[in-house]
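All remarks here apply to the structure that follows.
Derivation of every value follows stated rules applied to the coordinates shown; laboratory data play no part. Bear in mind the structure is a predicted one, so any value in this text is a computation, not a measurement. Every residue, glycine among them, receives a Cβ derived from its backbone with ideal geometry; neighbour counts consider all protein chains shown.
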Amino acid sequence: MRGKPAPKRDIKPDPKYQSKTIAKFINYIMKNGKKSVAQKIVYTAFDLIRQNTKQDPLGIFNKAMKNIAPYVEVRSRRVGGANYQIPYQVKGDRKLTLGFRWLIGASKARKGAAMAVKLQAEILAALNGEGSAVKKRQDVEKMAQSNRAFAHFAR
């Protein structure tokens, strides 16, 4: 590794909910530096959640992210000429990063609606333990479970 690692930047909380998690999620949705468009998508999705469930959308989002974020994942490692998929425990920020990535990917994969509507539908599906993002988490954890025999290579 050359040079020193990039510094960890502290992001400001979002203007509406004062949450750093939501601010980070908005940054993940953002394309081409258009933050106002990303904010409009997220806030519209949250308004739709509030209309449909009559509950706080921030709490619903956090519960949905708990259902999406993985606890274990597999990483490839070359040992003695063979590649093994070794299960590793997912640490702090990576858990959130993977959850955001899967939620946005699952929302984009849905067809025939505005992004805010698709995002709202995927968040509500994740809250109920359904949807593509939750299925992705289950697939990753199933892969880690089936490869736990190689866990001793993790060191």
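The figures follow:
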item: Residue selected from the stretch 130-150 under the condition in a helix (DSSP H, G or I), touching a helix residue (DSSP H, G or I) at 6+ places or on another chain (Cβ under 6 Å) and of a type in the set (G, A, S), by the criterion surrounded by the fewest Cβ atoms within 10 Å (Cβ to Cβ); result: S132
item: Hits in the stretch 1-44 - residues which are without any contact (Cβ under 8 Å) to a residue 24 or more places away in the chain, within 15 Å of F100 (Cα to Cα) and of a type in the set (K, R); result: K20, K31
item: Unmet criterion (only one of (1) touching a strand residue (DSSP E or B) at 6+ places or on another chain (Cβ under 6 Å); (2) assigned to a loop (DSSP other than H, G, I, E, B)) for K31; result: (1)
item: Every residue from the stretch 115-135 that is free of Cβ contacts under 8 Å to residues at least 60 places away in the same chain and not hydroxyl-bearing (S, T, Y); result: K118, A121, E122, A125, N128, E130, G131, K135
item: Residue match in the stretch 39-60 (condition: surrounded by 14 or more Cβ atoms within 10 Å (Cβ to Cβ) and out of contact with any helix residue (DSSP H, G or I) (no Cβ under 9 Å at 6 or more places or on another chain)); result: no
item: Among the candidates S76, S36, S107, residue that is more than 23 Å from S132 (Cβ to Cβ) and either under 16 Å from the mean Cα position of the chain (by Cα) or part of a strand (DSSP E or B) (or both); result: S76
